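The values are calculated or read from the model by the stated rules, or taken from the named source; none is laboratory data. Owing to the predicted nature of the structure, the values given are computational and were not obtained by experimental measurement. For neighbour counting, all protein chains shown are included, and Cβ atoms are generated from backbone atoms with ideal geometry for every residue, glycine included.
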Amino acid sequence: MPRGHFGEGGCSVIPFASSLLDCVSCSTEDKHLGPADYGSSVPRWCPGCGDHSVLTAVQRLLADENLPPERTVFVSGIGCSSRLPHYLKTYGFHGIHGRALPIATGVKLHRPDLNVFAVMGDGDCCSIGAGHWIHAIRYNMDITVLLLDNCIYALTKDQTSPTTPQGYASNTQPKGSWLPPLNPLTVTLGVTNASFVAQTAEWVPSHLFETLKAARAHRGFSFVRILQRCPVFTPDIFQKAVRDPGQIELLVHDDGIPTAGLENLYKNRQAHDPRDLHGARRLAEFDGKFRLGLFFKDASAPRYEETRHLPVHTAQERMDLLDREFDRYAV
Amino acid sequence: MTDTTTKPARTSASAVAAANPRIIEAREHTVEIVSDSGEGAQKCGQIFGAVSAKMGNGVWTVEIIPAEIQPPARSVAGASGNRIRIGSGPVTNWGDEAHLVVAFNEQVVLGRHRLEALADDCVILIEDMWASHPDEAVRAAWTAAIEELSSKPYRVIRVPMEERCLTLVENARKGKNMFVLGMLSCIYGRDLQRVKDQIAHQFRKKSQELYEQNVGLMELGHAWAAENLDFRVNVPGMADTGEMVVMNGNEAIGMGCVASGMDLCSMYPITPATSVSHYLSEVFEKFGGMVHQAEDEIAAIGVAIGASYAGKTAFTVTSGPGLALKTEFIGLAIMAEIPLVIVNVQRGGPSTGLPTKVEQGDLLSALYAQPGDAPRVVIAPATIEECFHVVVTARRIAEAFRTPVIILTDANLATGVQPFARPKLDVRWHASPPDQSPVSAGKGPFEWDTRTGLSERFIPGQAGGMHTLTGLSHDEKSRVAYDAATHQRGCAMRSRKLAVLQQTLKTPEIHGDAAGDLLVVGWGSTKGAIEEAVDRARAEGLSVSSVHLRFLSPMEPGLGEMFRRFKKVFTVEINYSDDPSDPFITDENRRRGQLSWMLRAQTLVDVDCWTRVFGEPLRPGQILQAIHDRCPGATSGKGGAL
Ligand SMILES: Cc1ncc(C[n+]2csc(CCOP(=O)(O)OP(=O)(O)O)c2C)c(N)n1
Ligand code: SF4
């Protein structure tokens, strides 16, 4: 039988990778970094954009948790919000519109040692990437998910998004959005294997920080919807709530998001046990009040990367196994 | 016995003749087993093919697949089964027409007849229960079919399959395939012990009782043929074939993935690619590999890209419609220079097209589907053996050149079964573990060697290498940059890599003389059929050669020079091209075969094409005809079987 074109020596591709053979294992230096150490280039968001506050909270979280920058990965899609990884000194992957979650899944699947975050806008997550969102909830991998919800497509300049309030005008629906908005919280809570669902607002920095902290501590798919102001295209959607704390209601519970220091400003409080899924679904329905806090948490939900845990073999062991596999096909 | 021929009378094999059968000596023979789907014809064919390979025959087995899972019973379009071509030497393709057909009903054989799949002197062994079926409509259909078949000088022999099987089992539908296996074993003189061993292998997950029943049915068929058939076929095998393995192209791809050290197969089901993941789902975990069935093709490639970015070796496997969905992600992998292997098992298009049938219609979309300039590597294995090795090559190129590599196979390779030399495994085929050493300060993830475009990548976990990959235009540090010079440079660097790879490739070998009247150029699964046609043409004294391309992007060097040594060059492809004699078609507006299109642009040679989209592999005879049409001195006429 003639040797195949791709058989031994068939293709003279440079065995380039051999120079990488000496594998030096990573050394994480034991040093403590401050928030500024996680900052990279100067953000290009508009003045007053809520994305700035999220970036600050994220940097604070990284410093607070002392996450090694080289072991931390921020994956994002496309949108104003998805620029966030560029402004961090961690590893980042600014991918394509709507597809942050598949990439994050791939990263985490084989590298459970990495701290993986996904950052998406509402168009990114709830429209073009909605299919991935639903399934990522089911996979329940240990990924911290930040939905920066400004209720509009901002990067592409003012088109209606799935979360735009009904009647709110945009360039594509100038007479106002035709449809009632999609509610990212109830959707997430409706999916099998949901394990962590919280809502916060970027203009309440301590709540934002505490929510991110709780999300990061949860082992599973931690979904955080962050109400985010876009002063350019949706200046009035959250403005009333910013000015009038009476429009905000804090969910409180010992296992929830700590609200210390917020008591004076935010008087509306609602006791809610995050183990109560039905209560969570009811509270997640929008009734004019913005509820901030932990809606649901289930630490026992199975995680895909654990379910799929695999044996580790050396290359030689794999080849020996493969040789045996060929016996099955021997003539 | 019932071995009476039907009206109009043609031949009759009498018991007297059977006692002293005529031996047909053949260098090669092609047999088809066709049934309604679910009657087990494919299993029978697989066993027969494997036994023949073990007896030293060259074998090519291909599935005959209806497009629907359960087409209506007894329908012309529902023919399901196998074609097995066996030879005294290596067999590289499915051949021209079948010399023997075993049919479980008259409608399925009618389907094959209408597709001109049967040789004029074909022997048809046909289940005869339908002739005396209680339903008048069935009897009428039988009569009409036999009448239609009589337009050719086939020899039709009626076989009481059902009746005989019922002497052993209650439901003959389940066991007829083994009866047929027995008949074939008798006709072709197959070693019965090997047949039994292969039955045991095929049904290894089933009970001993079932095995015994199957062997009983097989022996029943053997005995019937021995008593009633007046002919045998002798196709001697090769004495020493060395150590061989036998599998289909998708299994070979799956094993290639293991051999290349892949960690992840991320996929979404689509015919005819899915069986790669079926195979891997069965075995991959024990190697430490994972099959991830994603929510769609977009996610499938996204997960593979994420894993590769994180330092693992990953591939995704799909077919045309899935490749279309992966388009945007492939562009990202090119832009962010992420190693990735994408296997596209081509089927008929466009759109859902011909899901189970072969086509080579995705070449241009594999090359050009992305927005902007998106250079990537595209390779097409030509044989089942190459399906195994190509993955190792592709994985290496992907990593060395930080690029996606698309492997184009097709339904013909995917389902074709062929023995080949058992590969001698080499641990160096595996990916080396990713470099995790700290990155020196200030080093960027795209510090291109400006001569080659090559650069070193860092993966998460590597201290000091932190950066954000992006699909936006970027500089050496992966900083987003929209300025003219940066974009121009990035495009140049990504493009340069292909030139560098091209420099490492060899000019493909010519099959035949290095100069002459006519050169046939092919790619992918058509190699065997093209070379067989060229051999026949050369035996007729024609000055014809062929060359087969594995690398479609970048293309192998020396093609223009090679082409200029021939008076005419044409490609043979399984994709659509306008027929120059069709209305409105001119030399200027003619849409050509995809490879010829590329070759014309690349070589400035007037490369013609001959293409067909019949939804089946090309037959050597058809290609020979195309050669005759282009050769001045050719004896015209149909290129028959050897
Ligand atoms: C496939 C694809 N479709 C469309 C776009 C254009 N696009 C870029 S960002 C965006 C929407 C951004 O809105 P959102 O995700 O809410 O993020 P924001 O900018 O508001 O943060 C769109 C439609 C694109 N980049 N890719
Ligand atoms: S357009 Fe809106 S979302 Fe985008 S940066 Fe400006 S303020 Fe922020």
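Looking only at region A:110-126, filter to residues that are in a strand (DSSP E or B) and not hydrophobic (A, V, I, L, M, F, W, C); which one of those is nearest to ligand 1 (Cβ to nearest atom)?
To start, the set of residues in region A:110-126 that are in a strand (DSSP E or B) comprises A:115-121.
Add one more test, that the residue is not hydrophobic (A, V, I, L, M, F, W, C), and what stays is A:115, A:121.
Values: A:Asn115: 23, A:Gly121: 2 Å.
Going through the qualifying residues, I end up with A:Gly121.
Results for (1) touching a residue at least 60 places away in the same chain (Cβ under 8 Å); (2) under 30 Å from B:Ile406 (Cα atoms); (3) in a helix (DSSP H, G or I); (4) within 14 Å of chain A (Cβ to nearest Cβ), shown as yes or no for each residue.
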{"residue": "B:Gln198", "(1), (2), (3), (4)": "yes, no, yes, yes"}
{"residue": "B:Val233", "(1), (2), (3), (4)": "yes, no, no, no"}
{"residue": "B:Gly237", "(1), (2), (3), (4)": "yes, no, no, yes"}
{"residue": "B:Thr271", "(1), (2), (3), (4)": "yes, yes, no, no"}
{"residue": "B:His278", "(1), (2), (3), (4)": "no, yes, yes, no"}
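Scanning region A:51-88 for residues that are in a loop (DSSP other than H, G, I, E, B), facing another protein chain (nearest Cβ under 9 Å) and away from ligand 1 (no atom under 13 Å from the Cβ) yields a single hit, A:Pro68. If you go through region A:277-327 and keep only what is within 30 Å of B:Ala239 (Cβ to Cβ) and exposed (fewer than 12 other Cβ atoms within 10 Å of the Cβ), you end up with A:Arg324, A:Asp327. Across region A:101-124, the qualifying residues are those that are within 16 Å of ligand 2 (Cβ to nearest atom) and aliphatic (A, V, I, L, M), and the one among them that is farthest from B:Tyr309 (Cα to Cα) is A:Met120. When A:Glu263 is tested against (1) part of a loop (DSSP other than H, G, I, E, B); (2) closer than 21 Å to A:Val54 by Cα, just one condition goes unmet, and that condition is (2).
The rows are residues; the columns are (1) of a type in the set (D, E, K, R); (2) modelled with pLDDT of 90 or more.
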| site | (1), (2) |
| --- | --- |
| B:Ala9 | no, no |
| B:Glu28 | yes, yes |
| B:Phe48 | no, yes |
| B:Lys54 | yes, no |
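Just give me the residues in region A:276-331 being modelled with pLDDT of 95 or more and on the phi > 0 side of the Ramachandran plot, in sequence order. Result: A:Gly293, single match. Are any residues in region A:126-172 within 13 Å of ligand 2 (Cβ to nearest atom), among the acidic types (Asp, Glu) and either under 29 Å from B:Ile301 (Cα atoms) or at pLDDT below 95 (or both), and if so, which ones? Scanning region A:126-172 gives a single hit, A:Asp149.
Rundown of residues vs (1) more than 7 Å from every other protein chain (Cβ to nearest Cβ); (2) touching a Leu at 6+ places or on another chain (Cβ under 8 Å); (3) surrounded by fewer than 19 Cβ atoms within 10 Å (Cβ to Cβ); (4) not in a strand (DSSP E or B), yes/no style:
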position	(1), (2), (3), (4)
B:Val390	no, no, no, yes
B:Arg395	yes, no, no, yes
B:Arg402	yes, yes, no, yes
B:Ile407	yes, no, no, no
B:Ala414	yes, no, no, yes
B:Gln436	no, no, no, yes
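Conditions tested, residue by residue: (1) within 14 Å of another protein chain (Cβ to nearest Cβ); (2) under 19 Å from the mean Cα position of the chain (by Cα); (3) more than 16 Å from ligand 2 (Cβ to nearest atom); (4) over 24 Å from A:Ala118 (Cα atoms).
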{"position": "A:Ala198", "(1), (2), (3), (4)": "no, yes, yes, no"}
{"position": "A:His207", "(1), (2), (3), (4)": "no, yes, yes, no"}
{"position": "A:Cys230", "(1), (2), (3), (4)": "no, no, no, no"}
{"position": "A:Pro235", "(1), (2), (3), (4)": "no, no, no, yes"}
{"position": "A:Lys240", "(1), (2), (3), (4)": "no, no, yes, yes"}
{"position": "A:His253", "(1), (2), (3), (4)": "no, no, yes, yes"}
{"position": "A:Pro258", "(1), (2), (3), (4)": "no, no, yes, no"}
{"position": "A:Asp276", "(1), (2), (3), (4)": "no, no, yes, yes"}
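The single condition among (1) under 30 Å from A:Gly77 (Cβ atoms); (2) surrounded by fewer than 24 Cβ atoms within 10 Å (Cβ to Cβ); (3) charged (D, E, K, R); (4) in contact with a strand residue (DSSP E or B) (Cβ under 8 Å, 6 or more places away or on another chain) that B:Asp296 does not satisfy is (4). Inside region A:127-158, residues that are in a helix (DSSP H, G or I) and more than 9 Å from ligand 1 (Cβ to nearest atom) make up a count of 10.
Residue-by-condition table, conditions (1) more than 19 Å from B:Met262 (Cβ to Cβ); (2) out of contact with any Cys (no Cβ under 6 Å at 6 or more places or on another chain); (3) facing chain A (nearest Cβ under 10 Å); (4) away from ligand 2 (no atom under 16 Å from the Cβ):
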{"position": "B:Met290", "(1), (2), (3), (4)": "no, yes, yes, yes"}
{"position": "B:Tyr309", "(1), (2), (3), (4)": "no, yes, yes, yes"}
{"position": "B:Thr316", "(1), (2), (3), (4)": "no, yes, no, yes"}
{"position": "B:Phe329", "(1), (2), (3), (4)": "no, yes, yes, yes"}
{"position": "B:Met335", "(1), (2), (3), (4)": "yes, yes, yes, yes"}
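Test B:Lys477 against the criterion of being farther than 28 Å from B:Ile379 by Cβ and either under 27 Å from the mean Cα position of the chain (by Cα) or within 12 Å of chain A (Cβ to nearest Cβ) (or both), and give yes or no. Quick ask: steps written out before the conclusion?
Working: farther than 28 Å from B:Ile379 by Cβ: yes; either under 27 Å from the mean Cα position of the chain (by Cα) or within 12 Å of chain A (Cβ to nearest Cβ) (or both): yes.
Yes.
Quick check on A:Ile143: is it under 18 Å from B:Ser478 (Cα atoms), within 14 Å of chain B (Cβ to nearest Cβ) and of a type in the set (Val, Ile, Thr)?
It is false that A:Ile143 is under 18 Å from B:Ser478 (Cα atoms), within 14 Å of chain B (Cβ to nearest Cβ) and of a type in the set (Val, Ile, Thr).
Of all residues in region A:199-244, which are touching a His at 6+ places or on another chain (Cβ under 9 Å) and among the charged types (D, E, K, R)?
To start, the set of residues in region A:199-244 that are touching a His at 6+ places or on another chain (Cβ under 9 Å) comprises A:200-202.
Across region A:199-244, the qualifying residue is only A:Glu202.
Determine which member of the set B:Trp60, B:Trp94 is among the aromatic types (Phe, Trp, Tyr), in contact (Cβ under 8 Å) with a residue 24 or more places away in the chain and touching a Pro at 6+ places or on another chain (Cβ under 8 Å). Can you show your working first?
Values: B:Trp60 fails: touching a Pro at 6+ places or on another chain (Cβ under 8 Å).
Sole residue among the options that is among the aromatic types (Phe, Trp, Tyr), in contact (Cβ under 8 Å) with a residue 24 or more places away in the chain and touching a Pro at 6+ places or on another chain (Cβ under 8 Å): B:Trp94.
The set of residues from region A:89-100 being away from ligand 2 (no atom under 16 Å from the Cβ), in a loop (DSSP other than H, G, I, E, B) and more than 7 Å from chain B (Cβ to nearest Cβ) comprises just one member, A:Gly98.
Within region A:32-47, the residues that satisfy the criterion of being within 16 Å of ligand 1 (Cβ to nearest atom) and surrounded by 13 or more Cβ atoms within 10 Å (Cβ to Cβ) are A:Pro43, A:Trp45, A:Cys46. Counting residues in region B:451-463 that are over 42 Å from the mean Cα position of the chain (by Cα), outside the structural domain of B:Pro375 (by TED's automatic domain parsing) and surrounded by fewer than 16 Cβ atoms within 10 Å (Cβ to Cβ) gives zero. All conditions in (1) in contact with a strand residue (DSSP E or B) (Cβ under 7 Å, 6 or more places away or on another chain); (2) outside any helix (DSSP H, G or I) hold for A:Ile103, with the sole exception of (2). Filtering B:Leu498, B:Leu454 for residues that are within 14 Å of another protein chain (Cβ to nearest Cβ) and in a helix (DSSP H, G or I) leaves a single hit, B:Leu498. Going through (1) more than 20 Å from B:Ile384 (Cβ to Cβ); (2) modelled with pLDDT of 95 or more; (3) outside any strand (DSSP E or B) one by one, B:Pro66 falls short only on (2).
Applying the selection to region B:143-175, what residues are in a loop (DSSP other than H, G, I, E, B), within 25 Å of B:Arg114 (Cβ to Cβ) and without any contact (Cβ under 8 Å) to a residue 12 or more places away in the chain?
Taking region B:143-175 as the starting set, the residues that turn out to be in a loop (DSSP other than H, G, I, E, B) are B:150-154, B:160, B:167-171, B:175.
Restricting the remaining residues to those that are within 25 Å of B:Arg114 (Cβ to Cβ) gives B:150-154.
Residue satisfying the conditions is B:Ser151 alone.
Exactly one residue out of A:Thr172, A:Thr163 is over 16 Å from the mean Cα position of the chain (by Cα), within 12 Å of ligand 1 (Cβ to nearest atom), crowded, with 20+ Cβ neighbours inside 10 Å and assigned to a loop (DSSP other than H, G, I, E, B): that is A:Thr163.
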